[in-house]
Amino acid sequence: MATRFPEGFALRTPTDSDGEAIVQMMNEESVALRGIAMVSLDWVVTPWSAPGADPQNDFAAVTGPEGDLAGYVFVESHPPYTSVFSVGVVALRHHGRGVGAAVLAEAERRARRFFGLAPAGQRVVMHAGALADEPRVSELLSAHGYFESRRFARMSIDFDEPPQPPADIPGIEIRRLARGEEASVYACLAEAFSDHWGATWPTEEAWLHEHVGASSEFHPDLWQLAWDGTALAGALVAGPDADEGAALGHVELVGVRRAARRRGIAEALLRTSFVQFHARGCRGVALEVDTESITGATRLYERLGMTSEPRFSAWEKELRPAHA
């Protein structure tokens, strides 16, 4: 059944020309709440052309009574399709008109298409992404059966002095990515994140599309790999910060295979990256972290001198219970 929107509001598939307007709409909200633009054009439009994406069902622009962009809906899921991630946005000028509830209902409706892809009998949940401590969104999600299941922080360090280089780790060589090694990085990080919260991971094709093929933010010289002989033990993916440009480095992902943990590899990768960004003239480095990471990542980042501020929350709702 189609979702009923308030009078004058409608849905359509976004077009390439909508990208900048969606970015502006989302950043208007983040600036109002956090004082900083958080969304890049790459983040918005890259999923539209991802392998396996269904433009008719995974993305929707909401138009207002005057034909203006009033909102945006995005849903995605990866094998085994037991967790669906969604983002729903309403332009600030249209808050308080019932559009948010309709956007949420539409995201849930679209998420149910993954039921047929998930293993029979397994539980399927929705994770709705939102800015942390956004009171109206929190109230809306709570009223519709969601609870805040996870919080993600932005951690950053300012270079008041040259960063300390990494200590040598016996048997480990850290060097930059060589072209052709991207698939090895994918395999390493897929394994490294397999035991993390919400551990669904894109297919290799989709991940390479996001981080290499379609991204204007692909900077292979800023990726760091930790080799244990011929085995890739850990990897760090980085680039200039999408929010603040070349002034700030951004670590997108850092992970170490479980068998190679507790050897200081993650710390060495980060320190190598810090030294590199400092040499490029960056004023500091930022990254995002699950505040309840089972690997103790937050403690590591704090030990390296990084400070934390809440950025995003993941709200959870069961869409399909498990059954025999």
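The values are calculated or read from the model by the stated rules, or taken from the named source; none is laboratory data. From a predicted model like this one, the values you see are computed outputs, not experimental measurements. For neighbour counting, all protein chains shown are included, and Cβ atoms are generated from backbone atoms with ideal geometry for every residue, glycine included. Ligands, DNA and RNA are stripped out before the accessible areas are found, and what is left, the full protein with its side chains, is counted by its heavy atoms. Shrake-Rupley method; radii C 1.70, N 1.55, O 1.52, S 1.80 Å.
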Per residue, what volume in Å³ does the convex hull of the Cα atoms of the stretch 1-105 enclose? 114
Once the dipole of the stretch 1-135 is set up with Lys and Arg at +1 and Asp and Glu at -1 on Cβ about the Cα centre, which of ILE36, GLY121, VAL62 lies farthest towards its positive end? GLY121
Could I have the simple spin-label model distance between TRP197 and HIS219, label points 7 Å from Cα toward Cβ, reported in nm to one decimal? 2.9
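Percent relative contact order of the chain, based on C-alpha pairs within less than 8 angstrom and at least six residues apart?
Working: 597 pairs, mean separation 72.9, N = 324.
Reported relative contact order: 23 percent.
Could you do me a favour and compute the accessible area per residue for the chain, 1.4 Å probe, result in Å²? Show your work: numbers first, answer last.
Details: 15190 Å² over 324 residues.
Per residue, the chain has 47 Å² of solvent-accessible surface.
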Suppose each label sits 7 Å from its Cα in the direction of the beta carbon; what would the HIS95-HIS144 distance come out to in nanometres? 1.7
How large is the convex hull of the C-alpha atoms of the chain per residue, in Å³? 138
Compute the long axis of helix 265-279 from its Cα atoms, compare it with the longest principal axis of the Cα atoms of the chain, and write down the angle in degrees, 0 to 90, nearest 10. 90
GNM on the chain, C-alpha springs below 10 Å: top fluctuator among ALA238, ALA132, ALA178? ALA178
With axes computed from alpha carbons, what is the tilt in degrees of helix 182-192 against the longest principal axis of the chain, rounded to the nearest 10 within 0 to 90? 80
Portion, in percent, of the accessible area of the stretch 1-73 that falls on carbon or sulfur, probe 1.4 Å: 51
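Set the Förster radius R0 to 25 Å, insert the Cβ-Cβ distance between ILE36 and ARG151 as r into 1/(1 + (r/R0)^6), and round the FRET efficiency to 0.05.
Working: r = 18 Å, r/R0 = 0.71.
It comes out at approximately 0.90.
Summing Lys, Arg as +1 and Asp, Glu as -1, what charge do residues with Cβ under 15 Å from the Cβ of GLU292 carry, GLU292 excluded?
Taking every other residue near GLU292 into account, the sum is -2.
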For the stretch 88-219, what value does the Rg/Rh ratio take when both radii are computed over Cα atoms and Rh is the Kirkwood radius, given to two decimals? 1.05
If I build a Gaussian network model for the chain, linking alpha-carbon pairs within less than 10 angstrom, which residue out of ALA187, ALA206, ALA128 has the largest mean-square fluctuation? ALA187
Residue among ILE294, ILE174, ILE22 with the largest mean-square fluctuation in a Gaussian network model of the chain, springs linking Cα atoms under 10 Å: ILE294
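Over the Cα atoms of the stretch 210-294, compute the convex hull volume and normalise it per residue, giving Å³.
Details: hull volume 9.9 nm³, N = 85.
In the stretch 210-294, the Cα convex hull volume per residue is 116 Å³.
For ASP68 and ARG109 in one chain, what is 0.36 nm times their gap in residues minus the Cα-Cα distance, to one decimal in nm?
On the way: separation 41, 0.36 × 41 = 14.76 nm, distance 2.36 nm.
Full extension from ASP68 to ARG109 adds 12.4 nm.
Place a +1 charge on the Cβ of each Lys and Arg in the chain and a -1 charge on the Cβ of each Asp and Glu, then give the dipole magnitude about the Cα centre in debye, rounded to the nearest 20. Working shown, then result.
Values: 30 positive and 45 negative charges, 177 e Å.
Here the size comes out at about 840 debye.
With an 8 Å Cα cut-off and a minimum separation of 6 or more residues, compute the relative contact order for the stretch 217-324 in percent. Present the calculation step by step, with values, prior to reporting the outcome.
Details: 123 pairs, mean separation 21.0, N = 108.
Reported as a whole number, the value is 19 percent.
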Over the stretch 3-152, calculate the relative contact order: mean separation of alpha carbon pairs under 8 Å at least 6 apart, over the residue count, as a percent. 22
At q = 0.16, 0.23 Å⁻¹, what is the base-10 log of I(q)/I(0) for the stretch 254-324 according to the Debye formula with one equal point scatterer per Cα and no solvent? Please give it to two decimals. -0.71, -1.13
Compute the long axis of helix 99-111 from its Cα atoms, compare it with the longest principal axis of the Cα atoms of the chain, and write down the angle in degrees, 0 to 90, nearest 10. 70
Dipole magnitude of the stretch 32-179 about its Cα centre, charges +1 at Lys/Arg Cβ and -1 at Asp/Glu Cβ only, in debye to the nearest 20? 460
Tell me, in nm to one decimal, what length is gained between GLU7 and LEU117 on full extension, where the rule is 0.36 nm per residue of separation less the Cα-Cα distance? 36.2 nm
